[in-house]
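Accompanying notes for the structure given below.
Derivation of every value follows stated rules applied to the coordinates shown; laboratory data play no part. Computed from a prediction, not measured in an experiment: that's the story for all the values here. Ideal geometry is used to build each Cβ from the backbone, glycine not excepted, and the neighbour counts take in all protein chains shown.
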Amino acid sequence: MQRSTVARDGYRRVLGVGEFRVLFAALTVSMAGTVLASLALAVLVYERTRSPALSALTFAFGFIPYLVGGVLLSGLADRVPPRALMTTCDLLRACLFAAMAVPGVPVTVLLALLFAGGLIAPVFSGAQSALLPDILGEGDGYVLGRSLLRIVAQSTQILGYALGGVLLLIVAPRTMLIIDALSFIASAALIRLLIERRPARARARVASAGHGLRIMWRNPALRRLLAFQALVPAFAVVPEALAIPYVTDLGRPAAAAGLLLWALPAGTITGELLAGRFVADDRRRRLIVPFAAVVSLAQIGFVFRPGTALGALLLVISGLGFAYTLGLDAVLLQRIPVPLRGQGLAVASALPMFTQGLGFAVAGAAAEYIAPSTVIWVGACLALTVILSIGASAHRPPRPARRGRSADHAVDADAGR
């Protein structure tokens, strides 16, 4: 087994680990294909139906299934060997997107196939996250590895939608769906050929996903951490959800919203890189709440209805606060029992995806009755309240296990019942 004891080493050291480079490359390829496909599918649905609502629903279906898959299927991440599970997930998604490219597929079937792909995504994410400590160690290496994978996701969204807009002028939407299917095949091949085979993490071969969820739910500190993980992003996406109505309310053309849509991901990438490079692991844990507060405090500035340039600057600053995720990753890994690590990390990945989709929907509904700028700053105030009320638990050290029965042993015993 390849293992790296990375401690306060930078991103360069993490990228120096061969198996992590494989995961990094596989995710880059599949994410690029997925971003292109999501844009192509929205265009394809609109061309078929001329319905803005159904076209927008294709984006929502990229978020909603995460919670369902994270709850119902996340147990597979601990009960199936990680390489086999990740390869299977990629191949299944390749089949789903290839089926979407078949001419004449009804729109309802397209949406059903997209929903099925969303169910699979958190299972892959949980298996991948749980594999990182085996490859990079459980200290700073894991945190920086997770950070790099998030940066891949953010960067491919920024570049992918721009590239997708150009490609759609040249190729048909179905061609981009085929490209996405091929990207999943490439990812599966990289993982199958270059990732070492490891056994399943859970010792008990048969145990329900619900049983693992109940074990985690009985841990109050873990419940608060997962709530923090889910709620902060849900409020943070409000400016993105309302970017177009916000700029048009200022009297600017809708195209000016592009600057606001670019700003938050750009700040997020910058914040993660700076925190990963210059802030030590123990300090990142202590700064979880202050960093998260920056996300909301910057957005409260929309109370002054800033122009697009100043609004974009506020969102860049807000994005910098997402450096809190590095400290939160470390604490979550510490809190989740090892036999449930894959399931726990799958749920931790699924929750913010779902709540961000919910945040988009609620913000849009509120903006039907309230000025977009008001929705943004009120949402930021609510987020700050959440951060201060439940965030303090994010960096408390865990209580020592009761004598004679560690948390992991307790999970193993429970899982075998």
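Of note:
- Residues Trp262, Trp217, arranged from fewest to most other Cβ atoms within 10 angstrom of their Cβ, appear as Trp217, Trp262.
- The residues packed around Val107, meaning those with a beta-carbon under 14 Å from its beta-carbon, carry a net charge of +2 if Lys and Arg are +1 and Asp and Glu are -1.
- Cβ-placed point charges (K, R +1; D, E -1), dipole of the range 1-201 about Cα centre in debye, nearest 20: 140
- Largest GNM mean-square fluctuation across Val143, Val35, Val279, computed for the chain with C-alpha springs under 10 Å, falls on Val279.
- Helix runs (DSSP H) in the chain reaching 30 Å along axis by Cα, Kyte-Doolittle at least 1.0: 18-49, 107-136, 173-194, 257-278
- In this label model, Cys95 and Ala371 are separated by 5.4 nm, measuring between points 7 Å along each Cα→Cβ vector.
- Based on the reciprocal of the average 1/r between different C-alpha atoms, the Kirkwood radius for the range 1-201 equals 17.5 Å.
- Magnitude of the charge dipole, the chain, Cβ model with Lys/Arg +1 and Asp/Glu -1, debye to 20: 1300
- Legend: calculated FRET efficiency, Ser389 to Ala189, from the Cβ-Cβ distance at R0 = 51 Å, rounded to 0.05, equals 0.65.
- As a rough footprinting exposure proxy, the listed residues Tyr11, Tyr324, Tyr142 were ranked by other beta carbons within 10 Å of their own, and the order from fewest upward is Tyr11, Tyr142, Tyr324.
- Using a Gaussian network model of the chain in which every pair of alpha carbons under 10 angstrom is joined by a spring, one finds that among Arg214, Arg174, Arg223 the greatest mean-square fluctuation is at Arg214.
- Rounded to 0.05, the FRET efficiency of the Arg21 and Glu196 pair, given R0 = 22 Å and the Cβ-Cβ distance, is 0.95.
- Taking a ≥ b ≥ c as the square roots of the eigenvalues of the Cα gyration tensor, the range 63-164 is oblate, since a/c reaches 1.5 or more and a/b is not larger than b/c.
- Note on the chain: percent of Cα-Cα distances in each 20 Å bin, starting at 0 and stopping at the bin with the largest distance, equals 26, 60, 14, 0.
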